[in-house]
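Below is one structure, written out as structure tokens; the observations come after it.
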Amino acid sequence: MLFLTFILTLLTPNQDSLSVWYMHHSGWMVETDNHLIIFDYFPDELDDKNRNSVSSLLSQKIEDVDKPVVFIISHRHKDHYSKAIYQWKDLDRVRYVYGWEYDSDVDSFIAAPPGSQNLTAGDLMILKSIQSTDQGSGLLIAVDDMVIFHGGDHAQWASEYKAQFRSELDKIAAYDGEIDLVFMPISRGTCGEVTPDLTEGIIYALDKLKPKYFFPMHVRCVDRIPLYKSFTDGIKDRFPLVQFRYGIFPGKAFTISLK
Ligand SMILES: [Zn+2]
């Protein structure tokens with residue numbers, strides 16, 4: 001039996017590349033071998049051109065790929081939770097994961113409030129959800145042999161959040177395995193402002209989580225998107241083993257190699 005398992009492992013190698021799209025603000029779409037995953041989709045405040053661009057990208061993907069689709073919503077703030085995601089709720093292969101005590105008897109609606117562990121959404125596993133320093137959860141998920149952390153609103157927003165930020169983040173760092181992709185907020189305010197506290201929090205997180213890829217997020221105004229680049233340029237030399245990827249415009253695509 002052990003031998004058979006070994007042979008099967010050789011025949012089914014881990015996924016080695018995938019696609020990621022920056023969908024604006026904290027919204028990301030990740031396409032793996034067998035899943036389409038959408039985090040914190042928020043097209044609502046975009047101008048027509050950008051909103052059409054991300055919404056047609058998403059609709060087309062959902063129609064084109066014959067894969068399970070999982071929407072993950074970290075919390076209820078309107079900049080992370082758009083009702084636009086419900087236009088696909090009647091499709092059998094679509095599920096929704098909520099980072100709070102979401103009350104529903106619909107099987108495809110899965111509540112993963114802070115403190116949850118090892119919940120399933122089809123073949124996707126929610127390994128852990130932590131209490132964000134704002135509302136709802138940061139979620140560590142495993143899907144198709146890879147592991148992703150999306151922080152939601154978990155950040156060191158100001159110095160008084162430092163202790164809570166670190167103790168919750170440490171629960172993710174305690175995961176016994178490699179983390180492939182990390183998405184976390186680097187900016188606060190209605191439009192976008194990077195602060196020394198936020199930067200300190202990200203440096204702490206990257207030291208602890210050591211992801212293969214880091215994607216900064218949470219810049220709300222399109223004309224402030226260059227903050228991602230300036231933030232990245234300021235810290236990337238400290239982390240030679242982390243690959244940084246950042247949004248340049250809503251809908252920006254990335255091909256990620258995990259080899
Ligand atoms: Zn937020």
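The values are calculated or read from the model by the stated rules, or taken from the named source; none is laboratory data. Bear in mind that the values here come from a model prediction, so they are computed numbers and not experimental data. We place every Cβ from the backbone using ideal geometry, glycine too, and count neighbours over all the protein chains shown. Please note that ligands, DNA and RNA were not included when accessible areas were found on the heavy atoms of the full protein model with its side chains. Shrake-Rupley method; radii C 1.70, N 1.55, O 1.52, S 1.80 Å.
Selection of the stretch 166-199 for residues being away from the ligand (no atom under 16 Å from the Cβ) and among the small types (Gly, Ala, Ser) yields Ser167, Ala173, Ala174, Gly177.
Of everything in the stretch 150-165 that's of a type in the set (D, E, K, R) and away from the ligand (no atom under 16 Å from the Cβ), which residue is surrounded by the most Cβ atoms within 10 Å (Cβ to Cβ)? Looking at residues that are of a type in the set (D, E, K, R) and away from the ligand (no atom under 16 Å from the Cβ), I get Lys162.
If the condition is being in contact with a Gly (Cβ under 9 Å, 6 or more places away or on another chain), buried (at least 17 other Cβ atoms within 10 Å of the Cβ) and not in a loop (DSSP other than H, G, I, E, B), then the stretch 204-258 contributes Ala205, Phe215, Pro216, Met217, Leu227, Tyr228. Answer yes if at least one residue in the stretch 125-133 is under 21 Å from Ile110 (Cα atoms), open to solvent by 10 Å² or more (accessible area, probe 1.4 Å), among the polar types (S, T, N, Q) and in contact (Cβ under 8 Å) with a residue 24 or more places away in the chain, and no otherwise. Yes: the stretch 125-133 contains one or more residues that are under 21 Å from Ile110 (Cα atoms), open to solvent by 10 Å² or more (accessible area, probe 1.4 Å), among the polar types (S, T, N, Q) and in contact (Cβ under 8 Å) with a residue 24 or more places away in the chain. The set of residues in the stretch 142-193 that are in contact with a Lys or Arg (Cβ under 8 Å, 6 or more places away or on another chain), of a type in the set (A, V, I, L, M, F, W, C), modelled with pLDDT of 95 or more and part of a loop (DSSP other than H, G, I, E, B) comprises Ala155, Trp157, Ile179.
Each row is one residue, and each column tells you yes or no for (1) over 12 Å from Ile72 (Cβ atoms); (2) open to solvent by less than 50 Å² (accessible area, probe 1.4 Å); (3) touching a Phe, Trp or Tyr at 6+ places or on another chain (Cβ under 7 Å).
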residue	(1), (2), (3)
Glu101	yes, no, no
Asp105	yes, no, no
Ser108	yes, yes, yes
Gly115	yes, no, no
Gly122	yes, yes, no
Gly136	no, yes, yes
Leu140	no, yes, yes
Asp144	yes, yes, no
Ile148	no, yes, no
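Please work out which one of (1) within 16 Å of the ligand (Cβ to nearest atom); (2) in a loop (DSSP other than H, G, I, E, B) is the condition Gly138 fails and give its number. So the condition that Gly138 fails would be (2).
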